[in-house]
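Novice: Following this message is one structure expressed as structure tokens.
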Amino acid sequence: MLFASTVVYLYLLILSSIVVTTSASVHIYDHEPFKEVGNAYLLSGGSEGIVAPEPNSIGLGRSYIRFENITFWRSKAAAKERSTAPIHIIIFEAADRNDIGGSAYGGQRAICCTPDLAKMEGCKQGEVIRRPSATDINWPVILDVYFKGKYLTTTLNSKDVAISKTGMYNLFFVACDPKLKEMVMSGKTIWKNPDGYLPGRMAPLKKFYVFMALAYVCLSIVWFLQYVRFWNDVLQLQHCITAVIALGLFEMILWYFEYVNFNDTGMRPVVVTTWVVTVGTIRKTISRLLILSVSMGYGVVRPTLGGLTSKVLLLGITYFLASELLNITEYVGTINDVSGRARLLLVLPDAFLDAFLILWIFTSLSRTLEQLQAKRSSVKLDIYRKFSNALAVTVIASVAWIGYEVYFKATDPFNERWQSAWIITAFWDILAFALLCVICYLWAPSQTSQRYAYSGEVGEESDDEEAMSLTKGKHEGQGEVSLVRQEKNTGTDASFDQEDESEEDKRE
């Protein structure tokens, strides 16, 4: 019962430390260069969803963006010319994005005011084009920082910009003077909501992982009770299912505490996030190999995978490496509140391996069903049909959700629906958990577990007869009958496995 006690303790620890959903983070810049964009030189400072403080809230902090030790370095050539043009710091909400910049004659959007735009827009030449927001004339906010004399550096420190409206906010540092094109910047900005630093798109996931941990706790308790009760009849396959459940629970707990740490500090330590991502990748890899092995009949139709073991392990290692690289790119060090940050070169191998796994799983499952039909094994056939139906529903749901995810991102290029974006990530954890529950239900430990273990029965009567003999063997002490039957079954299955491996090798 130590395992169950540990699980309950960990969940209570999570529950005791849960707080209100929060958002925002800390962005650190280290000699970041400016890039030429249109007629301006621009550096992106971040993009995050920020929640405004509720009116008359007691004991909660403010929502703001704070600038700390923001230092700009210009070239010596620019310093000699004593350029007086300012550096513009622009903060705007996604809905007000069209209030920054204007259109030139050719239709190209310009950020800085040119002589032609000065006549058309009424702006001041060399300044950023800004129009007041329809909801607040004080937005977008533009702060100007100037270089003095021949100094190479200038600094903005301890400056707060209060946020009074919930939205997706963007920060840009802009220079309109071509003399400042070689400028670099260092410093820190703090994006904070009333309760912490967690970015808005990630904030709901903190609570979501609590509920997922609770779901895994419930599944763990039910499975563990059956696991202990029928320990003598547990199959190797059921040991693998136990490992997946334990890893799933561990992953949910780690994700929750990773987000709690992020919310408290505003930072994502590389080591911590990498560890969390690695545990998740191990769980995903073992889950997929478990499904593949079950589809091949491992633990139910055949005692081992035989000559296919090395191929399955090679596929598992390859999938782990591809998925690990993708997840590290996606999560480690990521604090911007923008979705879809993974590189295409890492997404493609992961997607290809998933597609290959699905193809192999359904091919193996179809072959296993054919073999069970030929042997007239009604009990196993019924289990595998239910399993194949669950897999089919899972694949259909996955394809449909991928389509929705593509649509969601294509129709929301500026992340204005950031408050519901967490559902994209949460769906995959829910789907994986649902499929795991189906597998646990179909292969739950019981006193007749050995009935499903690569036996050579023929027809419904043999199923019932074998179950009775196993039960008698345990309750009446007729171990010899069961032993003889087991030896016969082992002999039958050995030849059956050899035929399977030879046929599989031919297909390969």
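The values are calculated or read from the model by the stated rules, or taken from the named source; none is laboratory data. Computed from a prediction, not measured in an experiment: that's the story for all the values here. Please note: Cβ atoms are built from the backbone with ideal geometry, for glycine as well, and neighbour counts cover all protein chains shown. All accessible areas refer to the heavy atoms of the entire protein, side chains included, with ligands and DNA or RNA removed. Shrake-Rupley method; radii C 1.70, N 1.55, O 1.52, S 1.80 Å.
Novice: Of the numbered conditions (1) closer than 17 Å to Met296 by Cβ; (2) surrounded by 13 or more Cβ atoms within 10 Å (Cβ to Cβ), Ala374 fails exactly one; give the number of that condition.
Specialist: (2)
Novice: Hey, another quick one. Write out, first by first residue and then by second, each pair whose Cβ atoms fall under 6 Å of each other, whose residues are 6+ apart or on separate chains, and whose first residue, in region 67-81, is within 21 Å of Asp30 (Cα to Cα) and free of Cβ contacts under 8 Å to residues at least 40 places away in the same chain while the second is open to solvent by 10 Å² or more (accessible area, probe 1.4 Å) and of a type outside the set (S, T, N, Q).
Specialist: Close Cβ pairs (under 6 Å, with a partner that is open to solvent by 10 Å² or more (accessible area, probe 1.4 Å) and of a type outside the set (S, T, N, Q)) do not exist here.
Matching residues to (1) at pLDDT below 90; (2) touching a helix residue (DSSP H, G or I) at 6+ places or on another chain (Cβ under 9 Å); (3) under 27 Å from Cys113 (Cα atoms):
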site: Lys148; (1), (2), (3): yes, no, yes
site: Thr153; (1), (2), (3): no, no, yes
site: Asp160; (1), (2), (3): no, no, yes
site: Met168; (1), (2), (3): no, yes, yes
site: Pro178; (1), (2), (3): yes, no, yes
site: Ile190; (1), (2), (3): no, no, no
site: Pro194; (1), (2), (3): yes, no, no
site: Leu198; (1), (2), (3): yes, yes, no
site: Ala203; (1), (2), (3): yes, yes, no
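Novice: Return only the number of the condition from (1) open to solvent by less than 30 Å² (accessible area, probe 1.4 Å); (2) under 17 Å from the mean Cα position of the chain (by Cα) that Leu247 does not satisfy.
Specialist: Result: Leu247 fails condition (1) only.
Novice: Taking the stated definitions as given, is Gln450 modelled with pLDDT under 90 and in contact with a helix residue (DSSP H, G or I) (Cβ under 6 Å, 6 or more places away or on another chain)?
Specialist: Values: modelled with pLDDT under 90: yes; in contact with a helix residue (DSSP H, G or I) (Cβ under 6 Å, 6 or more places away or on another chain): yes.
Yes, satisfied.
Novice: Among Leu171, Leu156, which is within 13 Å of Glu68 (Cα to Cα), of a type outside the set (Gly, Ala, Ser) and in contact (Cβ under 8 Å) with a residue 12 or more places away in the chain?
Specialist: Just one listed residue meets the conditions, Leu156.
Novice: Give me the strands (runs of 3 or more DSSP E) completely within region 127-183, filtered to those with at least 2 residues that are open to solvent by 30 Å² or more (accessible area, probe 1.4 Å), ordered by residue number. Show your work before the answer.
Specialist: Values: elements: 141-145, 153-156, 159-162, 167-175.
Result: 141-145, 153-156, 159-162.
Novice: Report, by residue number, each residue of region 264-278 that is open to solvent by 10 Å² or more (accessible area, probe 1.4 Å) and part of a helix (DSSP H, G or I).
Specialist: Just the residues of region 264-278 that are open to solvent by 10 Å² or more (accessible area, probe 1.4 Å), to begin with: 264-265, 267-272, 274-275, 278.
Answer for region 264-278, where residues must be open to solvent by 10 Å² or more (accessible area, probe 1.4 Å) and part of a helix (DSSP H, G or I): Asp264, Thr265, Val270, Val271, Val272, Thr274, Trp275, Thr278.
Novice: Against the conditions (1) in contact with a helix residue (DSSP H, G or I) (Cβ under 6 Å, 6 or more places away or on another chain); (2) closer than 19 Å to Leu442 by Cα; (3) modelled with pLDDT under 85, where does Val332 fall short? Just the number, please.
Specialist: Only one criterion in (1) in contact with a helix residue (DSSP H, G or I) (Cβ under 6 Å, 6 or more places away or on another chain); (2) closer than 19 Å to Leu442 by Cα; (3) modelled with pLDDT under 85 is unmet by Val332, namely (2).
Novice: Scanning region 233-242 for residues that are touching a helix residue (DSSP H, G or I) at 6+ places or on another chain (Cβ under 8 Å) and of a type outside the set (Asp, Glu), which turns out surrounded by the most Cβ atoms within 10 Å (Cβ to Cβ)?
Specialist: Restricting to residues being touching a helix residue (DSSP H, G or I) at 6+ places or on another chain (Cβ under 8 Å) and of a type outside the set (Asp, Glu), the top hit is Ile241.
Novice: When residues of region 230-250 are filtered for being over 19 Å from Val312 (Cα atoms) and out of contact with any Asp or Glu (no Cβ under 9 Å at 6 or more places or on another chain), how many remain? First the steps, then the outcome.
Specialist: If we filter region 230-250 for residues that are over 19 Å from Val312 (Cα atoms), which is where we start, we get 230-235, 242, 245-250.
Applying the additional criterion that residues be out of contact with any Asp or Glu (no Cβ under 9 Å at 6 or more places or on another chain) yields 230-235, 242, 245-247, 249-250.
Residues that pass the stated criteria total 12.
Novice: Among (1) in contact with a strand residue (DSSP E or B) (Cβ under 9 Å, 6 or more places away or on another chain); (2) open to solvent by 30 Å² or more (accessible area, probe 1.4 Å), which single condition is Ile423 missing?
Specialist: Condition not satisfied by Ile423: (1).
Novice: Any residue in region 335-359 that is surrounded by fewer than 17 Cβ atoms within 10 Å (Cβ to Cβ) and of a type in the set (Lys, Arg) sitting within a Cβ distance under 8 Å of a residue that is modelled with pLDDT under 85 and in a loop (DSSP other than H, G, I, E, B)? List the pairs, counting only those 6 or more apart or interchain.
Specialist: Arg341/Thr334
Novice: Still on this structure, I have one more. When you look at Tyr384, is it among the aromatic types (Phe, Trp, Tyr), in a helix (DSSP H, G or I) and open to solvent by 70 Å² or more (accessible area, probe 1.4 Å), yes or no?
Specialist: Numbers: among the aromatic types (Phe, Trp, Tyr): yes; in a helix (DSSP H, G or I): yes; open to solvent by 70 Å² or more (accessible area, probe 1.4 Å): no.
When the stated conditions are applied, Tyr384 does not pass them.
Novice: Ok, one more. Quick one: in region 28-80, which of the residues that are of a type in the set (Lys, Arg) and within 20 Å of Lys181 (Cα to Cα) is least open to solvent (accessible area, probe 1.4 Å)?
Specialist: The selected residue is Arg74.
Novice: For a quick check of your reading of the model, give me the residue pairs whose first member lies in region 281-300 and is on the phi > 0 side of the Ramachandran plot, whose second is in a loop (DSSP other than H, G, I, E, B), with beta-carbon atoms closer than 7 Å and at least 6 apart or on different chains.
Specialist: From region 281-300, the pairs are Gly299/Leu235; Gly299/Ala453.
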